[in-house]
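**Q** My questions will all concern the structure given below.
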Amino acid sequence: MKCTRCREPAEVKLRAHNSAFCRACFLFFFQRRVARAIEHERMFDTSSRVLVAVSGGKDSLALWEVLANDGYQTVGFHLALGIGAYSERSRARTEAFAAARGLELHVRALADESLSIPDVMGATRRPACAACGTIKRHYFDAAALEHGCDVIATGHNLDDEAARLLGNVLHWQTDHLARQKPVMQPRHEKFVRKVKPLYLTSEFETATYAFMRGIDYVVEECPNAVGATQLTYKSVLDRLEDVSPGTKAGFVRDFVARASDAFAPKPAEGAGDVAAIGTCGGCGMPSFGTLCSFCSLRAEVDRKLAKRSQTASAAPATEA
Ligand code: AMP
Ligand code: ZN
């Protein structure tokens, strides 16, 4: 097997691209692909301050390295979720990565906010990943504001996007389909644009990049995600990809190019109606209701925890 670009022996085969690459050419191909997504979708340019949300996994670390190497101004942000050893390792990998490259990183720990994902899971019936998503979105938005960033970049890859798209289509979640884009424009001046520069880059490609570049990342999935429907969608898509390479990329790329606009809310439905957005009474961030979704989740958790500790302290008294 020879490299498609230079004819040297190839190290990696990419069936979806009908190509094979040696190490140097793969790294070139990977970086160029990310750069093209950024330029083509007008995500940001070198004058932007980009908040890179880094989990310690391969995707966000690979993204951060590519952006920093390409001369973009990056500010790393890691949210320590308090999910036991998994979160400790994630934070340690992220900090080591930033320190080795002299990159600016800010870490926020949920523990310092008297909040933890296990508490949230115990106190609400919402699926863990949904609650976690609400919390992450809140802290990413707040971090962008705090650190003066114009844009938030996440490491969502092609496999993530294809699985999410499949789920949204299977359940005809039209409001979610309207928001599934590689670039989401802000609907309020306190919010910034959100972008996914790896939306056409597969998980296999980011893993290969991280391996070739010697990036030390957290390999395990979040323990709460085990059995999540998203993983079933991913394995179904893997089977389709296996039979017909390029399926995932076509599915996501063509949705964005040809179908996503059909789901955009009409102006009459209050699309992007900034005037309708007020201020959250809890955190001061923009919100449609009196409390934003993060603060209502937090209030729900606090109520349940308070009730539980009341019952616990009342219990011995009644027994005595
Ligand atoms: P996930 O939802 O875990 O698949 O992560 C999707 C993207 O969200 C990652 O590629 C990161 O950019 C970002 N992300 C997830 N978890 C964290 C975290 N704890 N701190 C910072 N960014 C995160
Ligand atoms: Zn709030």
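The values are calculated or read from the model by the stated rules, or taken from the named source; none is laboratory data. Keep in mind that this is a model prediction, so the values were computed, not measured. Backbone-built Cβ (ideal geometry, glycine too); neighbour counts: all protein chains shown. SASA here: full protein model, heavy atoms, side chains in, ligands and nucleic acids out. Shrake-Rupley method; radii C 1.70, N 1.55, O 1.52, S 1.80 Å.
**Q** Just checking, how many residues over segment 153-168 are touching a strand residue (DSSP E or B) at 6+ places or on another chain (Cβ under 6 Å) and either of a type in the set (A, V, I, L, M) or open to solvent by less than 10 Å² (accessible area, probe 1.4 Å) (or both)? Explain how you work it out, then say what you get.
**A** Our first condition is that a residue be touching a strand residue (DSSP E or B) at 6+ places or on another chain (Cβ under 6 Å); within segment 153-168, this holds for 153-154.
Checking which are either of a type in the set (A, V, I, L, M) or open to solvent by less than 10 Å² (accessible area, probe 1.4 Å) (or both) leaves us with 153.
So the answer is 1.
**Q** For segment 77-129, enumerate the residues that are open to solvent by 20 Å² or more (accessible area, probe 1.4 Å), part of a loop (DSSP other than H, G, I, E, B) and within 16 Å of ligand 2 (Cβ to nearest atom).
**A** 114
**Q** Restricting the search to segment 163-187, which residues are in a loop (DSSP other than H, G, I, E, B) and in contact with a Ser or Thr (Cβ under 9 Å, 6 or more places away or on another chain)?
**A** Correct list: 180, 181.
**Q** To continue, here is another question. Here are some residues: 290, 247. Which one is within 16 Å of ligand 2 (Cβ to nearest atom) and either among the charged types (D, E, K, R) or at pLDDT 90 or above (or both)?
**A** None of the other options fit; the residue is 290.
**Q** Sort through 82, 56, 71 and tell me the only one that's at positive phi and in contact with a His (Cβ under 8 Å, 6 or more places away or on another chain).
**A** Of 82, 56, 71, the one residue that is at positive phi and in contact with a His (Cβ under 8 Å, 6 or more places away or on another chain) is 56.
**Q** Quick check on segment 251-269: of everything there that is surrounded by 13 or more Cβ atoms within 10 Å (Cβ to Cβ) and not small (Gly, Ala, Ser), which residue is farthest from residue 158 (Cα to Cα)?
**A** 265
Quick grid of which residues meet (1) more than 10 Å from ligand 1 (Cβ to nearest atom); (2) in contact (Cβ under 8 Å) with a residue 60 or more places away in the chain:
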residue	(1), (2)
3	yes, no
7	yes, no
15	yes, yes
50	yes, yes
70	yes, no
79	no, yes
85	yes, no
90	no, yes
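**Q** Among the listed residues 216, 150, 175, identify the single one that is more than 14 Å from the chain's Cα centre (by Cα), surrounded by fewer than 18 Cβ atoms within 10 Å (Cβ to Cβ) and either modelled with pLDDT under 95 or within 27 Å of residue 121 (Cβ to Cβ) (or both).
**A** Among 216, 150, 175, only 175 is more than 14 Å from the chain's Cα centre (by Cα), surrounded by fewer than 18 Cβ atoms within 10 Å (Cβ to Cβ) and either modelled with pLDDT under 95 or within 27 Å of residue 121 (Cβ to Cβ) (or both).
**Q** May I pose another question? When you go through 108, 93 one by one, which is the residue that is at pLDDT 95 or above and in contact with a helix residue (DSSP H, G or I) (Cβ under 7 Å, 6 or more places away or on another chain)?
**A** On inspection, the qualifying residue turns out to be 108.
**Q** Looking only at segment 223-243, decide whether some residue is among the hydrophobic types (A, V, I, L, M, F, W, C) and under 30 Å from residue 146 (Cα atoms).
**A** yes
**Q** For segment 1-60, list the strands (runs of 3 or more DSSP E) that sit wholly inside it and hold at least 1 residues that are closer than 27 Å to residue 79 by Cβ; which are they?
**A** Output list reads 49-53.
**Q** Moving on. Just checking, how many residues over segment 1-42 are among the acidic types (Asp, Glu) and surrounded by fewer than 16 Cβ atoms within 10 Å (Cβ to Cβ)?
**A** Taking segment 1-42 and keeping what is among the acidic types (Asp, Glu), we get 8, 11, 39, 41.
Those still in the list that are surrounded by fewer than 16 Cβ atoms within 10 Å (Cβ to Cβ) too: 8, 39.
Residues in segment 1-42 being among the acidic types (Asp, Glu) and surrounded by fewer than 16 Cβ atoms within 10 Å (Cβ to Cβ): 2 in total.
**Q** Continuing with the same structure: Would you mind finding the one in 234, 248 that is open to solvent by less than 20 Å² (accessible area, probe 1.4 Å), closer than 23 Å to residue 154 by Cβ and part of a helix (DSSP H, G or I)?
**A** On the way: 234 fails: open to solvent by less than 20 Å² (accessible area, probe 1.4 Å).
The match here is 248.
**Q** In this structure, is residue 50 over 17 Å from residue 196 (Cβ atoms), open to solvent by less than 10 Å² (accessible area, probe 1.4 Å) and not basic (Lys, Arg)?
**A** no
**Q** Then there is this: Pairs please, first residue from segment 126-146 and within 8 Å of ligand 1 (Cβ to nearest atom), second anywhere and part of a helix (DSSP H, G or I), Cβ atoms under 8 Å, 6+ apart in sequence or on different chains.
**A** 129/224; 129/225; 129/230; 132/117; 132/120; 132/224
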